[in-house]
Amino acid sequence: MTDQWVERAYLTNLRHELRTPINAIIGYSEMLLEEQQPPDPDLEKVLLGGRQLLTQVNQLLAPANGKGESLDLQSLADQVHHHLRTPLTAVIGYTELLLEEADPDQAPDLVKIHSAALRMLELIQDVINLAQEGGLAGVTVEQDPTVALIQSVATSLHSPTSSLPTVNQGKILVVDDNPVNRDLLLQRLSRQGYEVTTAADGQEALEHLATAVVDLLLLDVIMPQMNGLQVLQTLKADQRWRDIPVIMISALDELDSVVYCIEIGAEDYLQKPFNPVLLQARINACLEKKRLRDQEVEYLRQVASLTAAAAAVETATFDPVSLAGVAARRDALGNLARVFQRMAQEVYLREQRLKQQIQSLRIEIDQSKRARQVAEITETDYFQQLQRKAKDLRKGT
C-alpha cells in the first residue's frame with residue numbers, strides 16, 4: 001500500500017468522521033426549529049454554525065486536496081483548527097445556553113447536538129496530535145483500523161461485477177453503524193409517516209430482510225465488517241431482494257463511489273449531511289417506482305391466473321373462486337376476468353343441463369328397452385299358451 005494511498009484513505013475517513021457530527025448538528029437543529037414558532041435566535045445560530053462547519057470541511061478536505069502531491073499534515077491540522085474553531089465554539093456555546101432553559105421535550109436533541117460538537121473537538125485534536133507525532137509515515141492496516149476500513153470500500157469499488165445479475169408511505173430500513181445517524185433518520189422519517197426500522201451493520205440488515213417486508217433501504221457505505229457496497233452487491237445478487245430499492249447515504253463524495261453504487265443497482269446516492277427535503281423527494285420517488293413495479297408483478301401474476309383458469313375449464317376443474325382476486329380489479333383485466341367467470345359459469349351450467357338431459361334420455365331408453373323386452377316375451381306363442389292355461393285354471397276353481 002503506497003503512502004499516497006494511505007494519505008488519501010486518511011483524508012477520506014477524516015472527511016467522513018467530521019461530517020458525521022455535523023450531520024447531527026444540522027439535522028437535530030433543523031427538526032427543533034421546525035417545531036418552534038417563532039424560531040429561537042440562539043437555535044438558528046446553532047444551525048448556522050453547523051452549516052459553516054460543513055462548508056469549511058468541504059473546502060479543506062475536498063477529494064482533490066489529497067491527490068497528486070504529498071499531504072502536509074501539519075498544515076492541514078493548522079487549517080482545520082483555525083477554520084473550524086470559531087463556528088464550532090459558537091455551536092457549543094449556544095447549545096449550552098439553550099440547555100440551561102430547555103423544555104423537557106427539546107433537551108434530548110440539544111444534548112445530542114452538544115455531544116456531536118464535542119465529538120468534533122476530539123476529532124480536531126486527533127488531527128493535531130497525529131501531526132505532532134510525525135504524521136502518517138509508516139501507517140499500516142494492522143496499526144490503524146481506519147486504513148483497513150477505507151481499504152475495504154476501495155476494494156469493493158474495484159471488484160469485478162460480472163457475476164452480478166443484470167439488473168404509501170412505506171417500510172424503510174436504515175442501515176448505518178453510527179447510532180446518531182440512525183436516530184436522526186429514524187426520527188425524521190417517522191415524523192413523515194414512514195415505518196422505520198434500523199440496523200447497525202450489514203449483517204443485521206440481511207437478517208432483518210430475511211424475516212420482514214421492506215420497501216426501501218437507506219444504506220451507509222462505510223461500515224465495519226460488511227460495508228455498504230458489499231451489502232448492496234448481496235441484495236442485487238439475491239432473487240428475494242433484488243427489486244428492493246436502495247438509496248446509498250454516505251459522507252463519501254468521490255465520483256467513482258457514486259458511479260459504482262449506481263452501476264451495481266442503487267437507486268440513488270445522497271451525501272451526508274443530506275438535505276431533508278431532497279431526501280424525502282428521493283424516497284418518495286423510489287417508493288413510487290417500487291409501487292409501480294409491484295403492480296406490474298401482480299398484474300403478470302393475475303394474467304397467469306387467467307391462463308391457468310382457461311386450462312382448468314378444458315379439464316373441467318375450473319373453480320370460479322380462483323379468479324376472485326382478478327375479478328375484483330376495476331380495469332380491463334378485471335373486466336376480462338369477470339367475463340371469463342360468467343362464460344365459464346354458463347359453460348358449467350350448460351354442461352350440467354346436458355348431463356341432466358343425457359341422464360333423462362338414458363332413463364327413457366332403459367324404460368323403452370324394458371318395454372320392448374316385455375313385449376317380445378308376451379307376444380310369443382309360448383307366453384300365449386301359458387296365459388290360456390292360467391285362465392282355464394282360474395275357471396276351474
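Listed values, structure above:
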quantity	calculated
Relative contact order [Cα under 8 Å, 6+ residues apart], the range 171-289, whole percent	22 percent
Residues of the range 347-376 with amide N under 14 Å of the 7 Å Cα→Cβ point at Q387	374-376
Where the Cα pairs of the range 319-397 fall when distances are cut into 5 Å bins, in %	3, 12, 10, 9, 7, 8, 6, 6, 6, 5, 5, 4, 4, 4, 4, 3, 2, 0
Quarter of Cα convex hull surface for the range 270-340, i.e. mean projection, nm²	6.3 nm²
Helix-only mean residue ellipticity at 222 nm for the chain, each DSSP H run of n ≥ 4 adding -39500 (n - 2.57), per residue, nearest 500	-23000 deg cm²/dmol
Of A390, G325, Q341, farthest towards positive along the dipole that unit charges on Lys, Arg, Asp, Glu beta carbons give the range 319-397	A390
More than 34 Å apart - percent of Cα-Cα pairs taken over the chain	52 percent
Residue pairs, from the table K369/K389; K369/K391; K45/K289; K112/K289; K236/K272, whose Cα atoms sit over 31 Å apart	K45/K289; K112/K289
Which of Q302, V374, Q106, positive extreme of dipole for the chain (C-beta unit charges)	V374
Ranked by how many other beta carbons lie within 10 Å on average, peptides 173-185, 16-28, 326-338 from highest	16-28, 173-185, 326-338
Tail beyond 25 Å, pair distance distribution of the range 171-289 (Cα, percent)	11 percent
Space enclosed by the convex hull of the alpha-carbon atoms of the range 3-139, per residue, Å³	95 Å³
Dipole magnitude of the chain about its Cα centre (Cβ charges: Lys, Arg +1; Asp, Glu -1), debye to nearest 20	4180 debye
Charge-dipole axis of the chain as Lys and Arg at +1 and Asp and Glu at -1 on Cβ define it, positive-most pick from L33, L43, L218	L218
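Here, each number is a calculation from the coordinates, and none is a lab measurement. Treat the numbers as computed from the prediction; the structure is a model and nothing was measured. All Cβ positions, glycine included, derive from the backbone under ideal geometry; neighbour counts span all protein chains shown.
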